[in-house]
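To keep things clear, I will list the structure first and then write my remarks on it.
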Amino acid sequence: MTPSVRELAPPAVQRAGRSVAVTLGRASAPLRAEPTFLVVGAQRAGTTSLFRALLGHPNVLRPNLHKGVNYFDVNYGRSWSWYLGHFPLKATARRRRAPGQHTAAVFEASGYYMFHPHAAARIAARLPDVRVVALVRDPVRRAHSAYKHEYARGFETETFERALDLEDARIEPELDRMLADPSYQSCVYRHQAYRRRGRYAEQLRRFADLIGRSRVHVIESERFFTAPAEQLFGLLDFLHLPPYLPKSFDRFNARPGTAISPSIEAELREYFRPHDVALADFLGKPPIWSS
């Protein structure tokens, strides 16, 4: 995909432009459209690729600055006006609506929403009519991909095996603190949870319990990358949007690296077995990696 003029600008210019855009957006918040659907994760499961596939749809509008605003997880201390300021104007959404709809589909994609312990309840409280889209990936591959991602960015320094051994001791105290103090932000919980992010069913049920199972749409990323048109059509039907195909389906943010060792893979397969069974119950079919 060809970079935009904004993406080609120097970093300082980009930062200044974002600051002005947020200020103007917040000031015009009453004129801004609320999101009609959210892509909530999972991390390293193809959210960026899905986001890009949706951008060309004539009845879909994205946030003005980034693919994700991260309001319901790390920015919830900011105002609702700050959040709405990231989205297009209502007038634009009305012009871009599909036949029979009142407004265009407006969305953002924040991959931490699915895992954050408070995000689902916050979303349900603020956007009670929203639809939620979640991508799930083989949790073993997802865990290893997340580890490589966090290691490359400096959030992890241990080997994968050691990081898995440390996970519970790292995560559990942080989760307890987050539950006791909803304003607390945990870098550890966000960046060093490799197994726990793959416990998809418990995360998806939080959303289903709060907004209704019929408004939660799950895409298996393996199916999305092998049959993208079919999965995109299914999503658009869920969103009540006309069919659309982008010029190409590209994979973004793939991170090559060493393969997972057979012993660690076997250990993780056993760990995820009951969670995959729970996911099969939620989906009404076994996930593709276990079928």
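Below are the figures for this structure:
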| read-out | value |
| --- | --- |
| Filter result (touching a strand residue (DSSP E or B) at 6+ places or on another chain (Cβ under 6 Å) and either assigned to a strand (DSSP E or B) or more than 14 Å from H57 (Cβ to Cβ) (or both)) within region 94-107 | A105, V106, F107 |
| Matching residues in region 112-166 - criterion: being of a type in the set (S, T, Y) and either part of a helix (DSSP H, G or I) or surrounded by fewer than 15 Cβ atoms within 10 Å (Cβ to Cβ) (or both) | S145, Y147, Y151, T157, T159 |
| Region 182-214 - residue that is part of a loop (DSSP other than H, G, I, E, B) and of a type in the set (K, R) and, of those, surrounded by the most Cβ atoms within 10 Å (Cβ to Cβ) | R195 |
| Tally of residues being surrounded by fewer than 17 Cβ atoms within 10 Å (Cβ to Cβ), among the hydrophobic types (A, V, I, L, M, F, W, C) and touching a strand residue (DSSP E or B) at 6+ places or on another chain (Cβ under 9 Å) across region 62-92 | 1 |
| Residues of region 45-60 that turn out to be under 9 Å from the mean Cα position of the chain (by Cα) and assigned to a loop (DSSP other than H, G, I, E, B), as a count | 2 |
| Pick from region 215-266, criterion free of Cβ contacts under 8 Å to residues at least 12 places away in the same chain and assigned to a helix (DSSP H, G or I), ranking: farthest from D138 (Cα to Cα) | D237 |
| Filter result (in a loop (DSSP other than H, G, I, E, B), surrounded by fewer than 19 Cβ atoms within 10 Å (Cβ to Cβ) and not small (G, A, S)) within region 270-288 | K285, P286, I288 |
| Residue within region 244-259 that is farther than 17 Å from A45 by Cα and either surrounded by 15 or more Cβ atoms within 10 Å (Cβ to Cβ) or in contact with a Phe, Trp or Tyr (Cβ under 7 Å, 6 or more places away or on another chain) (or both) present | yes |
| Any hit, region 174-184, residues being at pLDDT 95 or above, within 18 Å of D281 (Cβ to Cβ) and of a type in the set (D, E) | no |
| Test: A280 is hydrophobic (A, V, I, L, M, F, W, C) and at pLDDT below 90 | no |
| Answer residue from region 23-44, given it is small (G, A, S) and not in a loop (DSSP other than H, G, I, E, B) and is farthest from F207 (Cα to Cα) among those | A27 |
| Selection count, region 94-108, where residues are in contact with a helix residue (DSSP H, G or I) (Cβ under 9 Å, 6 or more places away or on another chain) and surrounded by 17 or more Cβ atoms within 10 Å (Cβ to Cβ) | 6 |
| Among residues of region 218-227, those that are under 16 Å from H240 (Cα atoms) and either in contact with a Lys or Arg (Cβ under 7 Å, 6 or more places away or on another chain) or loosely packed, with under 15 Cβ neighbours inside 10 Å (or both), counted | 0 |
| Selected residue (criterion: nearest to R197 (Cα to Cα)) from residues of region 274-288 that are out of contact with any strand residue (DSSP E or B) (no Cβ under 8 Å at 6 or more places or on another chain) and in contact (Cβ under 8 Å) with a residue 12 or more places away in the chain | H275 |
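The values are calculated or read from the model by the stated rules, or taken from the named source; none is laboratory data. All figures in this text were calculated on a predicted structure; none of them were measured in a lab. All Cβ positions, even for glycine, are placed from backbone atoms using ideal geometry, and neighbour counts span all protein chains on display.
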